[in-house]
Amino acid sequence: MIQKEKLFSKLSLLKEERELPKSQCGRQFLDFLRPLLAANVITEERSGAGRKLVVGDVAVLQAFIDQHFHDANMSHQVLQRIVGVQRFRDSKAFASDNPELVHVRAWGTNVLIKNEAVVDAVRETSVHSVFSFQLSPLYSLHGRCALVEGPVMFSSFEHLGLDVQLVIYGEGRLSKRILDWLTHQTDPNFSIVHLPDYDPVGLQDFERIRGSLGARVHLHIPINLEELFRKYSKRKLMEKRKSQMILGKLRCSDSPAVQKVIGCIDKHNAGLEQEALLIEKTI
């Protein structure tokens, strides 16, 4: 990319994410932002051991972008990844604005609603095994749901025999947009039981989700967790330095469920992949 395109790309990312690690900015980008920093439209804050830029006024930032990049918005109908290829030959030049897909499987008749009308996700699950829709605030969840990160757990979830009306496929680390959607659910009976891998990365994602959903999300702890760790835990999940660093931070968690898993991790010096929960249910 030419320098102007790099500035535009980074500005677009800053506007989309609302924050950006200072280590990713560079001197020229910071110089370019100087008027916004001076006016406190963008502020610099501490972030862990480093610093980050935080957007305080998105409208002013957008006006700043429009002022300096007159042709920035080719069309509000064109997705950013298409614009990225057209402008920079790179589909990932901008943060994706493609509508997010939500994949669910349902067994409760009134669990998914769109515009006050029940969506027959139960029938779709029965016929096609899965129901998908484009993420929209028009959809709402009602009752007890589950969130899993892996495809095997998603496709075989009913074998666990849990009292859950609908399961959501998180596709690994849950996206910010889907997390925001879950956070804004208003049904007082809505809750989430989370089934990640029982390792530092999985627990970290649970804590991230708990930070938004609070008491409405619970970490699933099978009654035979200790036995599953003894039989099927994987030491390789703890070999990376990043896993050890995450584990150190997790020790401060006030969640009894997280501390129970950490106890198993410490005892076996290993993590447990979520598929282990299905072994005695399907074999």
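Data for the structure
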{"quantity": "Per-residue HN-Hα couplings for the range 205-217 [Karplus 6.51, -1.76, 1.60; θ = phi - 60°; Hz; x = Gly/Pro]", "calculated": "5, 4, 5, 5, 5, 4, x, 9, 8, x, 6, 7, 10"}
{"quantity": "Point-to-point label distance, ILE279-THR183, nm (Cα→Cβ direction, 7 Å offset)", "calculated": "3.7"}
{"quantity": "Entry for semi-axes √(5λ) of the Cα gyration tensor in Å (calculated from the structure that is shown) out of (i) 45, 20, 17; (ii) 38, 26, 17; (iii) 28, 23, 20", "calculated": "(ii)"}
{"quantity": "Entries in LYS15/LYS242; LYS15/LYS114; LYS10/LYS52; LYS15/LYS52; LYS52/LYS242; LYS15/LYS176 that, when Cα-Cα distance is taken, lie over 18 Å", "calculated": "LYS15/LYS242; LYS15/LYS114; LYS52/LYS242"}
{"quantity": "Calculated from backbone phi, Karplus (6.51, -1.76, 1.60) coupling profile of the range 113-130 in Hz, x at Gly/Pro", "calculated": "10, 10, 6, 6, 10, 5, 8, 7, 5, 5, 5, 4, 5, 5, 7, 10, 6, 8"}
{"quantity": "VAL119 long-range amide H proximity, modeled H, under 5 Å", "calculated": "LEU112, ILE113, LYS114"}
{"quantity": "Amide H contacts of LEU272 (H built 1.01 Å from N, under 5 Å, at least 5 apart or other chain)", "calculated": "TYR198, ASP199, LYS234"}
{"quantity": "Residue order, fewest to most surrounding Cβ atoms within 10 angstrom, among SER9, SER212", "calculated": "SER212, SER9"}
{"quantity": "Normalised contact order of the chain, rounded percent, pairs of Cα under 8 Å and 6 or more residues apart", "calculated": "12"}
{"quantity": "Distant-in-sequence amide H partners of ARG51 (H built 1.01 Å from N, under 5 Å)", "calculated": "LYS22, SER23"}
{"quantity": "For the range 196-283: rounded, prolate or oblate by the Cα gyration tensor [a/c cutoff 1.5]", "calculated": "oblate"}
{"quantity": "In sequence order, calculated HN-Hα J values of the range 248-257 (Karplus, 6.51, -1.76, 1.60; Hz; x Gly/Pro)", "calculated": "x, 6, 5, 5, 8, 5, 8, 8, x, 5"}
{"quantity": "Acute angle (nearest 10 degrees) that the helix 58-68 long axis makes with the longest principal axis of the chain, alpha-carbon atoms", "calculated": "40"}
{"quantity": "Contact order relative to length of the range 1-69, as percent, for alpha carbon pairs under 8 angstrom and 6 or more apart", "calculated": "34"}
{"quantity": "Segment TRP107-ASN224, extension gain: residue separation times 0.36 nm, minus the distance between their alpha carbons", "calculated": "39.6 nm"}
{"quantity": "Kirkwood estimate for the range 99-170, i.e. one over the average of 1/r between Cα atoms, Å", "calculated": "12.2"}
{"quantity": "DSSP-defined beta bridges in the chain - what % are antiparallel, rounded to 5", "calculated": "65"}
{"quantity": "Chain lengthening between GLN24 and MET245 when straightened (0.36 nm per residue, less Cα-Cα)", "calculated": "77.4 nm"}
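Each reported figure results from applying straightforward, stated rules to the coordinates on display, with no laboratory input. Being a predicted model, the structure only gives us computed values, none of them experimental. Quick reminder, even Gly has a Cβ in these numbers, built from the backbone with ideal geometry, and neighbours come from all protein chains shown.
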